1. Go over the candidates S176, S166, S170, S190 one by one and state the one that is over 17 Å from the mean Cα position of the chain (by Cα) and in the same structural domain as H98 (by TED's automatic domain parsing).
2. If I ask for residues that are assigned to a loop (DSSP other than H, G, I, E, B), on the phi < 0 side of the Ramachandran plot and either of a type in the set (K, R) or surrounded by fewer than 21 Cβ atoms within 10 Å (Cβ to Cβ) (or both), which ones from the stretch 68-117 would you list?
3. Just to be sure, is A119 small (G, A, S), modelled with pLDDT of 95 or more and out of contact with any His (no Cβ under 8 Å at 6 or more places or on another chain)?
4. Counting only residues that are in contact (Cβ under 8 Å) with a residue 24 or more places away in the chain and more than 19 Å from the chain's Cα centre (by Cα), which one in the stretch 118-141 is surrounded by the most Cβ atoms within 10 Å (Cβ to Cβ)?
Amino acid sequence: MSEIHSDLLPSALREGYAKFRQFKYARHSQRYMELAVKNQKPSTMVIACCDSRAAPETVFDASAGELFVVRNVANLVPPYAPDGERHSTSAALEFAIHGIGVQHIVVMGHGRCGGIAAAAAQVQQPLSKSDFIGKWMSDVRDVVKSVPCPQGCNASDHHRLVERASVVHSLENLRSFPWISTLETRKELSLHGVWFDVALGELHVFDEQSGNWRLVPSEAPQA
């Protein structure tokens with residue numbers, strides 16, 4: 001097989017692929033072959049941010065076929081809106097529920113999210129004339145207004161509060177999908193909100209009963 005031209009693929013990706021073939025695929029080739037033959041059947045869907053520092057597969061140490069992941073700017077879930085427009089996250093939810101039959105949906109926020117920081121700082125300057133990001137983040141502006149900045153709270157602390165509040169808001173939006181709400185009521189589907197601290201590598205989970213965020217223990221659960 002002839003070598004590909006160096007400009008066809010960034011060198012870091014070529015090198016990463018070579019390591020994948022040499023190590024990960026070599027160790028788990030049978031699993032990949034089985035996944036290719038069988039339909040995927042992950043039990044968990046994760047809605048995460050596009051941010052390169054907060055990859056769900058890395059944080060949860062997931063292997064191929066274990067997570068159904070959709071990533072978008074600021075890990076948002078829009079409200080249910082069957083208006084005929086294109087809704088990529090809603091389409092992924094529809095497929096995850098009706099096509100795969102996932103049993104858990106996790107909304108995963110993270111620290112130092114650029115989209116949330118821009119919304120919290122009320123940055124209005126669009127990145128382009130189309131302003132796709134501005135339209136996408138419009139729902140977060142209402143979240144920002146609902147999150148007070150306590151006295152002595154700096155910008156970083158306020159952004160963290162908004163990041164977490166946005167996760168809770170997305171959980172509420174998930175329940176606006178009638179088939180998600182129905183399955184949750186039947187206890188056939190569970191919804192979860194988590195927030196990942198990029199700097200410390202810590203994961204926090206939202207406790208809906210108390211309304212508090214709790215640090216997830218890093219020790220493996222006892223068998």
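1. S176
2. Looking only at the stretch 68-117, we keep the residues that are assigned to a loop (DSSP other than H, G, I, E, B), and these are 76-87, 101-103, 111-113.
Within this subset, residues satisfying the condition of being on the phi < 0 side of the Ramachandran plot are 76-83, 85-87, 102-103, 111, 113.
Hits for the stretch 68-117 are P78, P79, Y80, A81, P82, D83, E85, R86, H87, Q103.
3. Criteria not met by A119.
4. A120
The values are calculated or read from the model by the stated rules, or taken from the named source; none is laboratory data. Quantities reported herein were computed from a predicted structural model and do not represent experimental measurements. Every residue, glycine among them, receives a Cβ derived from its backbone with ideal geometry; neighbour counts consider all protein chains shown.
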